[in-house]
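The values are calculated or read from the model by the stated rules, or taken from the named source; none is laboratory data. Everything numeric here is computed off the predicted structure, so don't read it as measured data. No Cβ is skipped: glycine too gets one built from the backbone with ideal geometry, and neighbour counts run over all protein chains shown. Surface accessibility is based on the protein's heavy atoms, side chains included, excluding ligands, DNA and RNA. Shrake-Rupley method; radii C 1.70, N 1.55, O 1.52, S 1.80 Å.
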Amino acid sequence: IKNASLVVLDTNLEESVLDYIVNSFSETRFLVDTVSTTKATKIIPLLSKLFCIKPNKAEAEVLLGMDIKDNLDILSALQLFNKLGIIQPMITLGKKGVAYLEDGKLLIIPASTTTIVNANGAGDAFTAGITYGFYHDKLISEAIKIGNTAAKIALESEKTVNPNMTIYSILKML
């Protein structure tokens, strides 16, 4: 963990484990997938120490204690994550895409359109895609596009992990 350029955590871990890892390795960049509204609360005390957080709208509402009804609320939520110290916050919006900030402005990258065969694994594929992007020092917009493409490939397979999922297939689709 100490030598990693990026560590992915999710809130399935115990709160004490999350606390230990994030506080023990303060120089490490952490990307957190909040998993669910119930489990997301575990990360609240650590928000100021995260590089990236990827909640959905409901999870962001729980984390920030606010209602998110429209794009103005999404902008406010992302700005609040920034003020808390999170460098690359994003909020996933399901079929509507992924919201993020660029130069203080709200941008939303639409989700890739596809025929959904099986939704299992799509969120994990998205997280893997953004992780790949950040690991390779891509801009947040590029990381999200990689994540969206990985999710699209995942959605098109009956299996949770599409056997056609490779970084080459993702980059070719981009």
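Brief remarks on what is shown
- Separation of the stretch 1-41 and the stretch 100-164, taken as the distance between their Cα centroids, equals 20 angstrom.
- Percent RCO, i.e. relative contact order, over the stretch 122-174, from Cα pairs under 8 Å lying at least 6 residues apart: 35
- Folded to 0 to 90 degrees: helix 71-83 orientation relative to the chain principal axis, Cα: 50
- For the chain, the solvent-accessible area works out to 53 Å² per residue, with a probe of 1.4 Å and every protein chain left in place.
- Carbon + sulfur, % of accessible area of the chain - ligands and nucleic acids excluded, 1.4 Å: 53
- Calculated P(r) tail over 25 Å for the stretch 32-174, as whole % of Cα pairs: 24
- Multiplying each eigenvalue of the alpha-carbon gyration tensor of the stretch 1-91 by 5 and taking the square root yields semi-axes of 22, 14, 10 Å, largest first, rounded to whole angstroms.
- Spin-label pair Lys95/Leu174, simplified geometry with 7 Å Cα→Cβ offset, distance in nm: 2.7
- Degrees between helix 15-24 axis and first principal axis of the chain (Cα, 0 to 90, nearest 10): 80
- Evaluated with a Cβ-only charge set (Lys, Arg +1; Asp, Glu -1), the stretch 64-174 carries a dipole of roughly 140 debye about its Cα centre, given to the nearest 20.
- Long-range Cα-Cα pairs in the stretch 99-174 (distance over 22 Å), rounded percent: 19
- When peptides 65-75, 21-31 are sorted by average Cβ neighbour count within 10 Å, with the highest value leading, the order is 21-31, 65-75.
- Gain in span if fully extended, Leu6 to Val117, counting 0.36 nm per residue against the direct Cα distance: 36.8 nm
- Computed over the chain, the per-residue total of -39500 (n - 2.57) for DSSP H runs of n ≥ 4 gives a 222 nm mean residue ellipticity of -12500 deg cm²/dmol, rounded to 500.
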